[in-house]
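Step one of this worksheet: look at the structure below.
No value in this document is a laboratory result; all are computed from the given coordinates. Keep in mind it's a predicted model, so treat the numbers as computed, not measured. Every residue, glycine as well, gets a Cβ built from its backbone with ideal geometry; the counts of neighbours run over all protein chains shown.
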Amino acid sequence: MKAKHPIYPLRVRQVPHQFSWIDHRLVRDRHIESCSHAAAALYLFLVTVGDREGLSYYSDSSIMTRLAMDAPILEQARANLVRIGLIAYESPLYQVLSLEPTISASPTGQRRPSMDQGVSIGRLFKQMMGESS
């Protein structure tokens, strides 16, 4: 069996404390309002099939069969969920992400400055050249 590792280690899903497997903040914090119907169905499916870290390897064909979706609809739903930060996807691995507010981080967990923080031009050039800062 293939070893699974979180795509975004800083956003591993935690089972919420309230009596529900789906975090109430999905509705309360209005994340659901940014989801298409297909994206909401895909999110529910991924929450249901994911392991304790929110990880799953369901194939596109399996998901399309179970959710009665065609490939373009699945791709749009997945892109919708990635764009709004509810899931991460690196084929073939899905990760349902925590709804906790987090620092901006790369998939490897390295910190990145937020958009409202200043960054020196020297640091930008170093990053562009592949040097560590």
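Using 1/(1 + (r/R0)^6) with R0 = 30 angstrom and r between the beta carbons of His37 and Ser62, what's the FRET efficiency to the nearest 0.05?
My answer for the efficiency is 0.90.
A crude spin-label estimate for the pair Lys4 and Arg25, with each label 7 Å from Cα along the Cβ direction, gives 2.1 nm.
For Leu55, nonlocal amide neighbours, meaning residues 5 or more places apart or on other chains whose placed amide H falls under 5 Å from its own, are Val96.
Residues Met1, Met69 in ascending order of nearby Cβ atoms (within 10 Å, fewest first): Met1, Met69. Highest mean packing comes first when the peptides 40-47, 7-14 are listed by Cβ atoms within 10 Å, giving 40-47, 7-14.
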